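The values are calculated or read from the model by the stated rules, or taken from the named source; none is laboratory data. The model shown is predicted, which means the values in this text are computed figures rather than measured ones. No Cβ is skipped: glycine too gets one built from the backbone with ideal geometry, and neighbour counts run over all protein chains shown. Heavy atoms of the whole protein, side chains included, go into the accessibility calculation; ligands, DNA and RNA do not. Shrake-Rupley method; radii C 1.70, N 1.55, O 1.52, S 1.80 Å.
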Amino acid sequence: MKRFSSRRAPLASLIRELLQGACSYDRIAGYFSSSILEVAGEELEGIEWKAEDPPAIRVICNSSLDATDVETAKAAQWAMWREWCASLPENLSEETRQRLERLHRFLQSGRLEVRVLPDDVFGLIHGKAGVVRRADRSSVGFLGSANESKTAWTMNYEIVWVDDSAESVDWIQEEFDALWAHPRARPLAESVVADIDRLARR
């Protein structure tokens, strides 16, 4: 096991190193941002994946969706779209548009799937963790304070604990699987995916 602190050294190289040779990446993140593609986009694109395969990258994250919003898939889709629109800046830079275009490719292809849980299921998803499985059959898990965003891996004070023991990897995987398969978890709204494409082309 290894411990990392952004006080001691930048962490951007850590996430890139963890994803080297990956064939799958499961991530619990309170907050997910397309800005992660600025930090580790090449490594995420390098994950071995075929169109007929399940998503290689799976992210479960928070949503401020209301309990009543998730009673039907249609209502959840509408609520996610409202939340997405509220989070957008008024003016998008060229860099942001390019990042959104890349994110859209990830989502549209099926390489990446994002699911959200309403806050009233377990409260805020404040725990952050990930499991990386590699083509050579090795695997590694990590826990820490970092969300899946550029600011987390490059700017904030964050600590990360990395452990490749089977016991640790299995423990994190069990936590991920429980959140991912929860009956209240919802895929990212198609309207959000379409809006990402619209903005990227604007």
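Only one entry of Ser145, Ser138, Ser168 meets the criterion of being closer than 22 Å to Gly21 by Cα and out of contact with any Gly (no Cβ under 6 Å at 6 or more places or on another chain), and that entry is Ser138. Here is the figure for the stretch 1-33: residues that are hydroxyl-bearing (Ser, Thr, Tyr), touching a residue at least 24 places away in the same chain (Cβ under 8 Å), out of contact with any Cys (no Cβ under 8 Å at 6 or more places or on another chain) and over 17 Å from Pro55 (Cα atoms) total 3. Taking the criterion of being within 18 Å of Ala56 (Cα to Cα), aliphatic (A, V, I, L, M) and in a loop (DSSP other than H, G, I, E, B), would at least one residue in the stretch 142-160 satisfy it? Checked against the condition, which is being within 18 Å of Ala56 (Cα to Cα), aliphatic (A, V, I, L, M) and in a loop (DSSP other than H, G, I, E, B), the stretch 142-160 yields no hits at all. Could you please find all residues in the stretch 114-131 being within 27 Å of Leu14 (Cα to Cα) and either open to solvent by less than 50 Å² (accessible area, probe 1.4 Å) or touching a Ser or Thr at 6+ places or on another chain (Cβ under 8 Å) (or both)? Once the filter is applied, which keeps residues that are within 27 Å of Leu14 (Cα to Cα) and either open to solvent by less than 50 Å² (accessible area, probe 1.4 Å) or touching a Ser or Thr at 6+ places or on another chain (Cβ under 8 Å) (or both), the stretch 114-131 yields Val114, Val116, Ile125, Gly127, Lys128, Ala129, Gly130, Val131.
Are any residues in the stretch 145-167 within 11 Å of Gly130 (Cα to Cα) and open to solvent by less than 30 Å² (accessible area, probe 1.4 Å), and if so, which ones? Result: Ala146, Glu148, Val160, Val162, Asp163. The set of residues in the stretch 162-183 being of a type outside the set (Gly, Ala, Ser) and under 18 Å from the mean Cα position of the chain (by Cα) consists of Val162, Val169, Ile172, Gln173, Glu174, Glu175, Phe176, Asp177, Leu179, Trp180, His182. Within the stretch 54-66, is there a residue that is under 21 Å from Phe176 (Cβ atoms), within 15 Å of the chain's Cα centre (by Cα), open to solvent by 50 Å² or more (accessible area, probe 1.4 Å) and in contact (Cβ under 8 Å) with a residue 40 or more places away in the chain? Yes, the stretch 54-66 has at least one match. For Val169, state whether it is at pLDDT 85 or above, out of contact with any Cys (no Cβ under 8 Å at 6 or more places or on another chain) and either farther than 15 Å from Val59 by Cβ or not polar (S, T, N, Q) (or both). Answer is yes for this residue. Only a single criterion out of (1) assigned to a helix (DSSP H, G or I); (2) touching a Ser or Thr at 6+ places or on another chain (Cβ under 7 Å); (3) not aromatic (Phe, Trp, Tyr) is not satisfied by Ser168, namely (2). With respect to Glu175, is the statement that it is among the acidic types (Asp, Glu) and at pLDDT 95 or above true? Against the criterion (among the acidic types (Asp, Glu) and at pLDDT 95 or above), Glu175 qualifies. For the condition hydrophobic (A, V, I, L, M, F, W, C), surrounded by fewer than 19 Cβ atoms within 10 Å (Cβ to Cβ) and touching an Asp or Glu at 6+ places or on another chain (Cβ under 9 Å), Trp180 qualifies.
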